[in-house]
């Protein structure tokens, strides 16, 4: 029998967290800081509107782009909150989570042989998405010294004649790093000079703890070459509803829409109805969740520094990314031993690509009580080394 | 009152047993600053006291509470204030509000048992001057008090590790 698996499917690496996942499942009494989603439930008014819509028989496909009412509300929201101007009729697609938005964005711009720069440490999907689209993922290293922002000099050095696009994600998973307006300005000229597309995944935008989130498309003249990705998962604790969105100038949006039409048709309707309710009435719920993350962040970071795991203060998302280098263990060894010896799950930084090695990702989207417990166990672990 | 004061109030309302050290860490304020702000909020009577939300039903002390609604003839110059103040002096009255609608005042009254509550209402509240009508609703079960739900919610199942 032939090998039926395509070379592309063979080429993409298996998920780096799988091994840990399986190990955690065999253990009891684990405090997991390995979770990449909010610990809050979706605010009830959002759930209720989804349930009501099902009762009313709203269970059909929507237009490919998504519900017009949702796009209109979103367009208004983005303008108000971020100064982003996207026409709800032809510059916006509601997608099945940001995961799908990322996939169709990458496929819409990638030709075989194109190099796509990916700011790393970064979310695990970017590289494989590029590979599956026939492009070549090229890691762009971000370092702790720069608070894990994209360094303009490093960016300029990495660009070749084949470079087509740059993928960034700020606030960042796994580092919690953010890029301010001036940080983005510093890379905008390079992106424009080399005529690159910028894919900006801003799913953690609402979880910005110092000042306001700056959306990349609002900086310099980046708008015409930027694909903005965002969604409802993190801000409104709606991960399972699977609603994200892609915004881009019409030409790029139309290309992504064609792919979306064929592979997804439309995002789930119940999630779209719920997302509309989120925009209409959940501002306060969102703010109180963001406040709680901020308190936990302050508590957790100070705890990490106290037990000797130095860590820059993450300004967004809900992750801390401390260095474990001075323990003498690799991030993999650290995570595995911490789990086996003290039953605390963290994710080894190398899972997130270049620059992640020597760090571990700890999510503080868990209760304060669990954070305190985790810190105590980590302290015990560090003292035992 | 500024943003930090509001943040302190939110934290304390949720859990007033946190140490000043913990609060200082969470709010990025110095410990002395937290103490100073709390003292000021106490002095201004914005923080009335530090209490505990208790599910008395579960504690099983058998106490009974009732919502009492009153129609009241307001007094010249004082409106409802004087009578409200008189009512509020009773230990049995745990909450008292002026409301719109059919009735004027709404009380929450707590007693050892149903007889205790009804005796209090008929002997102390109903006969008071200016009270024209009372309606008593015994509380049969509490599901939520001051933002705290009293029923078990199953833990949300999340994947133990996700990217």
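Calculate the mean, over all residues of peptide B:31-41, of how many other protein chain Cβ atoms lie within 10 angstrom of the residue's Cβ.
Going residue by residue through B:31-41 and averaging, the value is 0.
How do A:129-140, A:162-173, A:59-70, B:119-130 rank on mean C-beta neighbours within 10 Å, highest first?
Those peptides, ordered most packed to least, come out A:162-173, A:129-140, A:59-70, B:119-130.
Between helix B:3-14 and chain B, what is the angle of the helix's C-alpha long axis to the longest principal axis, kept within 0 to 90° and rounded to the nearest 10?
70 degrees
May I ask you to sort A:179, B:114, B:38 by Cβ crowding, counting other Cβ atoms within 10 Å and putting the fewest first? The partial results should precede the final answer.
Details: A:179 28, B:114 11, B:38 19.
Going from least to most buried by this count: B:114, B:38, A:179.
Going by alpha carbons, how many degrees (0 to 90, nearest 10) lie between the helix axis of B:31-43 and the longest principal axis of chain B?
Here the helix axis deviates by roughly 10 degrees.
Suppose R0 equals 41 Å. What FRET efficiency, 1/(1 + (r/R0)^6) with r the Cβ-Cβ distance, do residue A:48 and residue A:28 give to the nearest 0.05?
Calculated value: 0.70.
So, in Å, what gap is there between the alpha-carbon centers of region A:96-164 and region A:54-71?
First find each Cα centre; the distance between them is then 32 Å.
For region B:3-43, state the average projected area of the convex hull of the C-alpha atoms over all orientations, rounded to one decimal in nm².
Value for region B:3-43: 2.5 nm².
For residue A:265, project a label point 7 Å along Cα to C-beta. Then give me every residue of region A:35-77 with its amide nitrogen under 17 Å of that point.
It comes to A:58-67, nothing else.
Could you work out the pair-distance distribution P(r) of chain A from its alpha-carbon pairs, with 10 angstrom bin width and percents rounded to whole numbers?
5, 23, 32, 26, 12, 2
Eigenvalues of the Cα gyration tensor times 5, then square-rooted: what semi-axes does that give for region A:228-385, in whole angstrom, largest first? Provide the component values of the computation, followed by the final result.
On the way: eigenvalues 267, 79, 35 Å².
Semi-axes, largest first: 37, 20, 13 Å.
Using only Cα atoms, figure out Rg for region A:86-127 and give it as a multiple of 2.2 N^0.38 Å.
Expressed relative to 2.2 N^0.38 Å, the Cα Rg reads 1.36.
What spacing in nm lies between the two simple spin-label points modelled at residue A:21 and residue A:336, each 7 Å away from Cα in the Cβ direction?
1.9 nm
Please work out the FRET efficiency for the pair residue B:77 and residue A:68, using the Cβ-Cβ distance as r and a Förster radius of 56 Å; give the result to the nearest 0.05. List each step's numbers first, then the result.
Numbers: r = 59 Å, r/R0 = 1.05.
Calculated value: 0.45.
With each pseudo-label sitting 7 Å past Cα toward Cβ, what's the residue B:95-residue A:221 distance in nm, one decimal?
Here the answer is 6.2 nm between the modelled labels.
Could you tell me what percent of the DSSP beta bridges with both partners in the protein assembly as shown are antiparallel, to the nearest 5?
Of the beta bridges lying entirely in the protein assembly as shown, close to 65 percent run antiparallel.
Sum -39500 (n - 2.57) across every DSSP H segment of at least 4 residues in chain A, then divide by the residue count to get the 222 nm mean residue ellipticity, nearest 500.
Result for chain A: -13000 deg cm²/dmol, rounded to the nearest 500.
How much mean residue ellipticity at 222 nm does chain B get from its helices, if each DSSP H run of length 4 or more adds -39500 (n - 2.57) and you divide by all residues, to the nearest 500 deg cm²/dmol?
Counting only the DSSP helices, I get -9000 deg cm²/dmol.
What does the C-alpha gyration tensor say about the overall shape of region A:140-290? Classify as rounded when a/c is under 1.5, otherwise prolate if a/b is larger than b/c, or oblate. Present the calculation step by step, with values, prior to reporting the outcome.
Details: a/c = 2.25, a/b = 1.32, b/c = 1.71.
Judged from the Cα gyration tensor, region A:140-290 comes out oblate (a/c at least 1.5, b/c at or above a/b).
Since every read-out is calculated from the coordinates, none of them should be taken as a lab result. If you're wondering where the values come from, they're calculated on a predicted model, not measured in any experiment. Reconstructed Cβ throughout: ideal geometry from the backbone, glycine too, with neighbour counts over all protein chains shown.
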